[in-house]
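Some notes on the structure that comes next.
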Amino acid sequence: MALVEERKSTTLSMEELTRFIYAHAYSETPLERIREIREKMAKIPELSLTVNRYYDTREQSLKRALLFGNAWVTMIKKEKLNHEELQIAYENSFELTAHIAHITFFVPSLILQADNDQLREWMPLCETMEMVGCYAQTELGHGSDVRGLEIQATYDHLSKSFILHSPTITATKWWIGALGCAANHALVIAQLYINGTCYGPHPFLVPIRDIKTHMPYDGVDVGDIGPKIGFHSNDNGFLRFNNYRIPKKYMLTRFSKINDTGDYEIIDPNSIKILYLSLVRARLFILADAWFPLSSALTIAIRYSIIRKQFADNEKPGTEKKIIDYQIQQNKLFVMLSRLFAFLFVRVPINNMYFKIEKEVTSGKSPSLDILHCLVCLYKVYASSKVLEAIETCRRACGGHGYSMLSGIPSLYTTFLPKVTYDGDNNILSLQVIKYLVSLFHKKSPKEFAYITGAKITPTGDVHSSSFQQQCFMAVAQYKVNRVNKHFQELKTRFTKEKIWNSLLQVEGIEATEPVFHAHIHQCFIDTIDKLPNGTNKDALECLRKIYVASEIEKYSGILMNCGVKYETFETIQQDSVHALSLVRPNALGLIEAFELKDEALHSILGRKDGDVYNQMFQNVKTQNPINKTKVLPGLLDYLRPKI
C-alpha cells in the first residue's frame with residue numbers, strides 16, 4: 001500500500017526518465033528491446049531464480065549455475081542477441097557462471113588472439129560448447145605483474161610441440177573462473193621459451209580435460225580453489241602442468257608465431273596496441289557494469305525504507321514514521337542515488353572515446369592510447385570502490401534485516417567486491433594515472449586535462465551554480481597533481497623514478513587522482529543534465545547533482561580556501577544539499593523505479609515490488625529454511641543433553 005501511494009504521488013515523467021536512463025545504459029538498444037529481453041528471461045524458470053537460492057550448499061550452487069547457464073545460452077542463441085543485448089542478459093543474471101565466463105571472457109580472447117585458420121577449427125566447437133573454455137592468466141604468486149608469470153611453454157623443435165610446466169608452487173594458475181569443474185580447455189598465458197631464450201608471456205589454447213569423459217589429462221593437475229566470500233556458483237580453479245605436451249598449433253598465432261625453421265616471428269607490429277585495447281575494454285566493462293548492482297541495491301533499500309516504520313510520527317498522531325522520512329536516511333540513500341546517476345552518465349562519452357580509438361587501431365592507424373588508458377583506469381578505480389561503498393551503505397540503511405541474505409544486498413556486495421582487485425588492482429591503476437598526469441607537465445596536455453597544467457584556477461561566480469562547483473573540483477585536482485609533480489621534480493634529482501614511485505610518492509600520488517575523477521565525472525553530470533528539457537525530471541537530477549557535490553567537496557575545503565574560496569561557501573553548498581534532500585524525497589521511489597528492475601533480477605524479499613516484506617520474510621524462513629524442516633535438529637540432543 002505504501003509503495004502504491006508513493007508511485008501515485010511522483011511528479012516525474014516516468015516513461016521519459018526511463019528512456020533517458022537507458023539511452024545512457026545501453027545506447028544502441030531501444031528500450032522496447034531491453035524490456036522484451038528482460039520479460040523473456042523472467043518467464044524462463046531456470047533463469048528466474050528466487051531467494052531460496054540463498055539456502056543452497058556450494059555443490060547445489062554449482063549445479064544450479066550449470067542449469068542456469070544452459071538456459072542462458074539457449075536463450076541468447078534463440079534470441080540472436082548482439083553484443084550489447086548480451087550485456088543486458090548478463091546483467092540480469094545472478095552471478096558469473098561457467099557458461100557466462102566461456103561466452104564473455106574466453107571466446108572474445110580467443111577471437112582476439114587466434115589466427116583465421118585456428119578460428120575456423122575451434123569456433124564451431126565453442127559455439128556448440130563442446131569446447132568449454134576459461135581464460136587462465138593469474139597465478140598463485142602473480143596477478144597484476146603479467147611479466148612476472150612463471151608458468152613455462154618451452155618449444156621442442158624435434159617433436160614440434162610445446163612442453164608446459166609449472167616450475168614452482170607460485171606458478172599455479174589460480175582464481176580462474178570456470179576452471180574448477182566445467183572447462184575442458186584453457187587459454188593459458190605462459191612464458192614462451194625457444195632455445196633457452198624467454199620471449200615473454202604468450203597465449204596458448206590448452207586441452208585440459210577429455211571432451212568425452214571430462215577427466216583431466218595426464219600431466220594436468222586441476223581443481224576448485226575452495227570457499228570464497230561470494231561467487232559461490234562460480235568454480236574458480238587452479239591449474240598446474242607437469243611437462244605436459246601440446247602440439248605446435250595450440251599456440252595462438254594472430255600476432256606472433258614460430259615459423260617453419262623454428263624461429264620466433266612477429267606477424268602484426270600493431271599487436272601490442274590491439275592486445276592493450278582488449279585489456280582497456282575489460283576495465284571499461286567494470287564501469288559499464290557498475291550501475292546495475294548499485295541500482296539493484298538502491299531499489300531494495302529505497303523500497304524497504306518506505307515500508308519500514310519506526311517511532312511515532314508526531315505530524316500524524318497514531319501512526320509511525322517511515323524511515324525514509326528521517327533526514328539521516330535520506331542523506332544515506334540519496335547521496336548513493338546521486339552516485340548512481342553520475343556513474344551512469346559517464347558511460348556514453350567514455351564508450352565513444354574507446355570505440356573511436358579501437359576503430360583507428362584496427363584500421364592500421366597508430367593513435368595514442370594514453371588518454372584512454374588514463375580515463376579508463378581512473379573510472380575503473382573509483383567506479384568499483386565507490387559503488388562497493390554505496391552497496392554497503394544501502395545494506396546498512398536496511399538495518400538488521402540488511403544483514404540477512406534474504407535482503408538481497410549481501411550477495412550484491414560479495415559479487416561486486418572482487419572488482420576492486422581484478423583487471424588491475426585499484427592502487428596500481430591509480431599510480432599509472434598519476435604517472436601519466438605528471439608526464440603532462442613536459443608535453444602538450446589533451447583537452448581533458450589541460451586545466452591541470454594550465455594557469456591557477458580560482459573558482460568564481462555564483463556559488464549555487466554547477467559552473468562554480470565544477471571549478472572547485474578542477475581547482476582541487478590541479479592543486480593536488482601540481483603538488484605531486486613539484487615533489488617528483490625535487491625527488492628525481494636524488495632518486496630513480498622506480499624508487500620515487502615505489503617508496504616515496506605512492507600515497508600522495510594515489511590520493512591526488514580522486515579529485516581528478518570528481519572533476520571529470522561532475523562535468524559529465526552537468527553536460528548530461530543540460531540535454532534534458534526543462535521540467536520535473538531535469539529538476540530532480542539537478543537536485544541529485546547538488547547532493548553529489550556536497551557529499552564530495554567538503555573534504556577539500558582546506559585546499560579550496562587556499563585557492564580563494566571562502567569558508568561560508570561550503571555552508572551554502574551544504575545547505576543547498578539539505579534542501580535538495582527534501583525535494584528529492586517525494587520522487588525517490590520514482591527515480592530508482594525508472595530503472596525498471598524486476599523482482600526476478602533483485603532476488604530480495606526486502607525489495608519486493610508489492611511491498612509484502614514481513615509476511616514473505618516469515619513464510620520463507622518457516623517453509624524454505626532447511627533448519628526448520630524438523631522440529632528438533634537431528635543430532636542436537638546427542639550434543640546438548642550431556643551438558644544439561
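Every number here is computed from the coordinates shown, using simple stated rules; none is lab data. Given the structure is predicted, the values throughout are model-derived calculations rather than measurements. Positions of Cβ are backbone-derived with ideal geometry, glycine not excepted, and every protein chain shown enters the neighbour counts.
Each 5 Å bin, from zero up to the one with the longest distance, holds this percent of the alpha carbon pairs of segment 530-610: 3, 13, 17, 16, 13, 14, 12, 6, 4, 3, 0.
Order 305-311, 401-407 from most to least packed using the mean count of other Cβ atoms within 10 Å.
For the peptides 305-311, 401-407, the packing ranking is 401-407, 305-311.
Lys-Lys pairs in segment 133-268 that are eight or more residues apart or on separate chains and whose Cα atoms lie under 17 Å of each other come to 6.
Take the Cα of LYS77, step 7 Å toward its Cβ, do the same at ASP268, and the gap between the two points is 2.8 nm. Between GLU130 and THR50, the simple spin-label model (points 7 angstrom out along Cα→Cβ) gives 3.9 nm.
Ordering ASP612, ASP462 by the number of other Cβ atoms within 10 Å of each residue's own Cβ, fewest first, gives ASP462, ASP612. Shape analysis of segment 249-377 based on the Cα gyration tensor places the equivalent ellipsoid semi-axes at 54, 16, 8 Å, largest first.
Given in Å, the Rg to one decimal and the Dmax to the nearest whole number for the Cα atoms of segment 159-236 are 14.1, 45. Arranged from fewest to most other beta-carbon atoms within 10 Å of their beta carbon, ILE409, ILE44 become ILE44, ILE409. Only alpha carbons enter this Debye calculation for segment 178-308, each as an equal point scatterer, and the log10 of I(q)/I(0) it gives at q = 0.13, 0.17, 0.23 Å⁻¹ is -0.80, -1.10, -1.33. A Förster distance of 56 Å, applied to the separation of the beta-carbon atoms of LYS316 and LYS631, puts the FRET efficiency at 0.85. Segment 243-279 and segment 185-215 have Cα centres lying 12 Å from one another. Residues of segment 72-87 with amide nitrogen under 18 Å from the 7 Å Cα-to-Cβ point of LEU119? Residues 82-84 qualify, since their backbone N sits under 18 Å from the label point. Mean residue ellipticity, 222 nm, helices only, the chain: the sum of -39500 (n - 2.57) across DSSP H runs of n ≥ 4, divided by residue count and rounded to 500, is -16500 deg cm²/dmol. Size of segment 458-551: Rg and Dmax of its alpha carbons, in Å, are 17.7, 59. With semi-axes defined as the square roots of five times the eigenvalues of the C-alpha gyration tensor, the equivalent ellipsoid of the chain measures 42, 36, 23 Å, largest first.
Structural descriptor for segment 1-146: relative contact order 18 percent, calculated from alpha carbon pairs under 8 angstrom and at least 6 residues apart. When each of VAL220, VAL549 is scored by the number of other beta-carbon atoms lying within 10 Å, the sequence from fewest to most is VAL220, VAL549. At what distance in nm do the modelled label points of ASN615 and HIS579 sit from each other, each positioned 7 Å from its Cα along Cα→Cβ? In this crude spin-label approximation the distance works out to 4.3 nm. Here the contact order of the chain, divided by its residue count and restricted to Cα pairs under 8 Å and six or more residues apart, works out to 16 percent. If you take the Cα atoms of segment 79-182, find Rg, then find the Kirkwood Rh from the mean of 1/r over all pairs, what is Rg/Rh? Ratio of gyration radius to Kirkwood radius for segment 79-182: 1.02.
How large is log10 of I(q)/I(0) for segment 123-169 at q = 0.13, 0.14, 0.23 Å⁻¹ when the intensity is taken from the Debye formula with one equal scatterer per alpha-carbon? Evaluating at q = 0.13, 0.14, 0.23 Å⁻¹ gives log10 I(q)/I(0) of -0.50, -0.57, -0.88. With unit charges on the beta carbons (Lys and Arg positive, Asp and Glu negative) and the dipole taken about the Cα centre of segment 344-449, which residue among SER384, LEU369, LEU412 sits farthest to the positive side? Result: LEU369, furthest along the dipole toward the positive end. Expressed as a whole number of Å, what is the distance separating the alpha-carbon centroids of segment 576-590 and segment 74-117? Value for the Cα centre distance between the two parts: 39 Å.
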